[in-house]
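J.: Pasting in a structure now, in structure tokens, and then I'll have a few things to ask.
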């Protein structure tokens, strides 16, 4: 292979890698979505949750029916999460004074990302997507640290 062909191939590879690479701004925006998700509950700010979530977001976990003792999939949607952000911590008694909110970006590929949020009493795995230039939360799978709490 001659030097010109090798350089041409190298240029194509670099350009294709850059097409799928994320910027620091993408990483910051993804982290902000996760922060908006949790801080909307901490600070009783439903608009903050709305800013983070796609209107068709779904949040899921396993839950246990107390009568039958069987587990099932429990789902919550954007509208219910907005109501939760509006009311859950109204008395400022649901979280510690300095709540835990560790955000770990597990993977970013082009316009999709997987994120792990470690909060005080639970862990959330999130899928975040970039639509029309904006990163938005579309899926959450979570559980309490103590699975017996479900």
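J.: Within the group 80, 29, 34, which residue is part of a helix (DSSP H, G or I) and surrounded by fewer than 17 Cβ atoms within 10 Å (Cβ to Cβ)?
T.: Step by step, each of 80, 29, 34 is checked, and only 80 is part of a helix (DSSP H, G or I) and surrounded by fewer than 17 Cβ atoms within 10 Å (Cβ to Cβ).
J.: Can residue 48 be described as surrounded by 17 or more Cβ atoms within 10 Å (Cβ to Cβ) and free of Cβ contacts under 8 Å to residues at least 40 places away in the same chain?
T.: yes
J.: For the stretch 63-72, indicate whether the set of residues that are under 22 Å from residue 24 (Cα atoms) and surrounded by 13 or more Cβ atoms within 10 Å (Cβ to Cβ) is non-empty.
T.: No, the stretch 63-72 has no match at all.
J.: Please work out which residue is farthest from the chain's Cα centre (by Cα), limiting yourself to the stretch 93-140 and to residues that are in contact (Cβ under 8 Å) with a residue 40 or more places away in the chain, surrounded by fewer than 17 Cβ atoms within 10 Å (Cβ to Cβ) and within 17 Å of residue 41 (Cβ to Cβ).
T.: 94
J.: Within the stretch 74-83, can you find the residues that are touching a helix residue (DSSP H, G or I) at 6+ places or on another chain (Cβ under 7 Å) and either closer than 15 Å to residue 138 by Cβ or modelled with pLDDT under 95 (or both)?
T.: Result: 81, single match.
The values are calculated or read from the model by the stated rules, or taken from the named source; none is laboratory data. All of these numbers come straight from a predicted model, not from anything done at the bench. Virtual Cβ from ideal backbone geometry, glycine too; neighbours counted across all protein chains shown.
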